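Each reported figure results from applying straightforward, stated rules to the coordinates on display, with no laboratory input. None of the values given here were measured: they were computed from a predicted structure. As a convention, Cβ positions derive from the backbone with ideal geometry for all residues, glycine included, and neighbour counts pool all protein chains shown.
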Amino acid sequence: MAISLHHIVIDAHDLPGLARFWADVPGWEILSEREREVVVGTEPGAPIGICFMPVTEVKAVKNRLHLDLTPGAGPGEREAEIERILALGARRVDVGQTGDESWTVPADPEGNEFRVVRAERTLIG
């Protein structure tokens, strides 16, 4: 028997707002919007999406899981994407970086950290 990843689930206070942010970052769309669940993805038949579920508690510590995003490989694309993501409502955060990393750490509008990494050719490169 095989099992597949279906959704990455993110807890949220403002489901529609956070879903719009995460749909805009990779250029996805909102696929389903219900009172207690919003799903974004590339298209309705996509194998994986991001699902937003409501919580009442405030995020208090660094994420135990984060997303790595890879921009295009052209000159300046990484910095341009970081600036675009910041304009969408993210902010830069410090999680102990030294400044020598090949990635930058922003947080989404609700404080969930993620990384914008250098362009990779493979998942293990």
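Rounded to the nearest 10 degrees, the angle from helix 15-24 to the longest Cα principal axis of the chain is 40 degrees.
Each of Glu113, Glu37 was scored by other Cβ atoms within 10 Å of its Cβ. Arranged with the fewest first, they read Glu37, Glu113. Each label point was placed 7 Å from the Cα along the Cα-to-Cβ direction; for Arg118 and Ala2 their separation is 3.3 nm.
Segment Arg92..Thr42, full-extension length gain: 15.4 nm, with 0.36 nm per residue of separation and the alpha-carbon distance subtracted. Across the options Ile82, Val40, Val93, the greatest Cα extent toward the positive end of the charge dipole of the chain (unit charges at beta carbon of Lys, Arg, Asp, Glu) belongs to Val93. What's the local net charge at Phe21, with K and R +1, D and E -1, over the other residues with C-beta under 10 Å away? Result for the neighbourhood of Phe21: -3. For the chain, the longest principal axis of the alpha carbon atoms and the long axis of helix 77-88 meet at an angle near 40°.
Highest mobility in the GNM of the chain, judged by mean-square fluctuation with C-alpha springs under 10 Å and restricted to Ile30, Ile48, Ile82, is found for Ile48.
The charge dipole of the chain, taken about the Cα centre with unit charges on the Cβ atoms of Lys, Arg (+1) and Asp, Glu (-1), comes to about 200 debye, rounded to the nearest 20.
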